[in-house]
Amino acid sequence: ERLPVVLHLVFDELISSGGIDPTLPGGAETVLAMKQVASTQGLRLYDSVYSRFYYSGVSIPNMMHAEYLGHFALGDVNGAIASPGRDTAYFADMERRGYRTAVFETTVITFCGARNVTWCETFPSYDPGVVSGAGLDERTRSVYLWDSLLRAYEPGYLPALGRWVLRYFYGLDQRELGVLGAADRFDVQGFPAWFDRFASFVSRVPRGSHVFAHFLVPHSPYLLTDACVVSGEFDSGYRLNERLEGNEAREGARRVYYQQYLAQARCVMSKLDSFLSEIRSDPELQDALVVIHGDHGSRISAGAFVEEVAPRDLVDNHAAFFAVRGPGIDPGLDCGFTSLSQIFRRTMKAGDTQSEQSPPLPLLVNSQAGADVLVEMKMPVFGCAASGQDSKTP
């Protein structure tokens with residue numbers, strides 16, 4: 001009961017402020033939004049943090065287990081996409097300190113099986129009920145209602161015929177039909193409602209609680225406006241070199257995808273701003289440790305493999321948002337250049353000399369040589385670290 005609450009929020013694919021190209025449509029606006037939320041809410045915002053991995057299912061489990069234990073070498077980490085399962089040193093450490101861990105998760109990575117989790121809720125990936133009419137623009141609402149009606153007649157020829165008519169009438173791509181994301185996922189559409197459920201839960205937790213939440217946003221597809229209304233493109237900007245010929249075409253597509261992605265990132269910032277204001281006014285949560293981060297970059301880039309990435313692609317793929325608020329943590333912009341695993345370990349294991357003294361770790365980039373082959377690669381310095389600013393700017 002003496003332990004302050006710990007809140008740990010992961011926003012999948014949330015790029016760092018320093019990784020955003022300010023010349024992109026919405027780029028400067030999003031950087032400003034991130035810095036304003038940090039300033040208003042007393043966060044320490046890390047501008048130059050990067051994930052070592054491209055995939056969430058590799059980045060998060062390693063951060064929570066092998067790297068949390070201080071095992072950073074190529075041979076120590078798991079390069080395969082997997083769930084943390086029961087082997088999660090981070091949760092075990094929190095339990096050892098006396099915390100009860102509650103988890104909000106998506107179906108992409110499951111933590112409910114971890115032996116140190118006291119309570120867990122999995123957000124359903126296919127749940128059209130989470131999207132209310134108020135959360136859709138007029139065009140999307142119409143398509144959504146028609147598609148929901150057609151689904152009631154499956155199996156049969158009517159849904160297929162009806163969807164063809166919808167695609168023709170609204171000029172939609174097959175991927176857009178049904179207001180669905182990749183593989184019929186509703187994670188992005190459900191985010192506003194799911195985040196509100198998480199926030200309501202946090203407002204009632206007692207001291208000694210550790211709440212971990214993983215939200216699959218601003219992950220593709222890029223559906224949400226900056227007002228968190230569903231109205232966007234049902235595609236992603238991954239591996240543009242596989243779909244487009246020439247740098248000019250890829251750069252043009254990159255700008256389009258980023259405009260949509262950055263609007264979704266600003267939706268996240270607006271939700272965060274309101275949430276942090278609420279817990280700051282709660283006497284039981286005023287001393288809470290709040291850790292907020294992405295798991296990798298936007299991944300809107302030419303490619304994913306070591307054989308095909310340029311320095312700009314490495315920033316797009318790996319630059320990860322990281323911000324923290326808590327007792328003894330000075331707010332401001334931090335220009336220290338470090339990996340996500342190092343700064344997370346240093347934050348959660350205060351006084352750990354191994355994390356504090358270690359130089360920036362290399363990226364572990366996938367290779368075309370094999371599905372689970374990882375190659376060490378130096379991360380280019382970016383953000384305010386690249387401008388030579390002091391690592392601790394107030």
Taking the stretch 369-382 and keeping only residues that are modelled with pLDDT of 95 or more and either in contact with a Phe, Trp or Tyr (Cβ under 8 Å, 6 or more places away or on another chain) or in a loop (DSSP other than H, G, I, E, B) (or both), one is left with Lys378, Met379, Pro380, Val381, Phe382
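For the stretch 299-344, enumerate the residues that are part of a strand (DSSP E or B), in contact with a Gly (Cβ under 6 Å, 6 or more places away or on another chain) and farther than 22 Å from Asn366 by Cα.
Within the stretch 299-344, Arg325 is the sole residue that qualifies.
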Can you pull out every residue in the stretch 194-224 that is closer than 25 Å to Ser277 by Cα, assigned to a loop (DSSP other than H, G, I, E, B) and in contact (Cβ under 8 Å) with a residue 60 or more places away in the chain?
Ser203, Val205, Pro206, Arg207, Gly208, Leu216, Val217, Pro218, His219
Restricting the stretch 353-368 to residues that are closer than 24 Å to Cys384 by Cβ and open to solvent by 10 Å² or more (accessible area, probe 1.4 Å), the one modelled with the lowest pLDDT turns out to be Glu356
I'd like the full set of residues that are open to solvent by 20 Å² or more (accessible area, probe 1.4 Å), part of a helix (DSSP H, G or I) and hydroxyl-bearing (Ser, Thr, Tyr), limited to the stretch 225-260.
Tyr257
Going through His65, His71 one at a time, which residue ends up being without any contact (Cβ under 8 Å) to a residue 12 or more places away in the chain and more than 25 Å from Ile300 (Cβ to Cβ)?
His71
Selected residue (criterion: nearest to Thr225 (Cα to Cα)) from residues of the stretch 1-34 that are of a type in the set (D, E, K, R) and open to solvent by 30 Å² or more (accessible area, probe 1.4 Å):
Glu29
Residue, most open to solvent (accessible area, probe 1.4 Å), within the stretch 64-94, restricted to residues that are acidic (Asp, Glu) and within 23 Å of Ser358 (Cα to Cα):
Asp76
Just checking, does the stretch 95-102 include any residue being at pLDDT 95 or above and buried (at least 24 other Cβ atoms within 10 Å of the Cβ)?
no
Given the criteria open to solvent by 20 Å² or more (accessible area, probe 1.4 Å), within 25 Å of Trp119 (Cα to Cα) and in contact with a strand residue (DSSP E or B) (Cβ under 8 Å, 6 or more places away or on another chain), does Phe201 qualify?
yes
Long-range neighbours under 9 Å by Cβ, at least six apart or interchain, first residue outside any loop (DSSP other than H, G, I, E, B) within the stretch 274-298, second of a type in the set (Gly, Ala, Ser) and exposed (fewer than 15 other Cβ atoms within 10 Å of the Cβ):
Glu278/Ser203; Ile279/Ser203
Tell me yes or no: at least one residue of the stretch 278-301 is crowded, with 16+ Cβ neighbours inside 10 Å, under 18 Å from Pro192 (Cα atoms), touching a strand residue (DSSP E or B) at 6+ places or on another chain (Cβ under 9 Å) and among the acidic types (Asp, Glu).
no
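The values are calculated or read from the model by the stated rules, or taken from the named source; none is laboratory data. Every value quoted in this text rests on a predicted model; they were computed, and no experiment measured them. Note that we place each Cβ from the backbone using ideal geometry, even for glycine, and neighbour counts take in every protein chain shown. Just the protein is used for accessible areas: all its heavy atoms, side chains included, with ligands, DNA and RNA removed. Shrake-Rupley method; radii C 1.70, N 1.55, O 1.52, S 1.80 Å.
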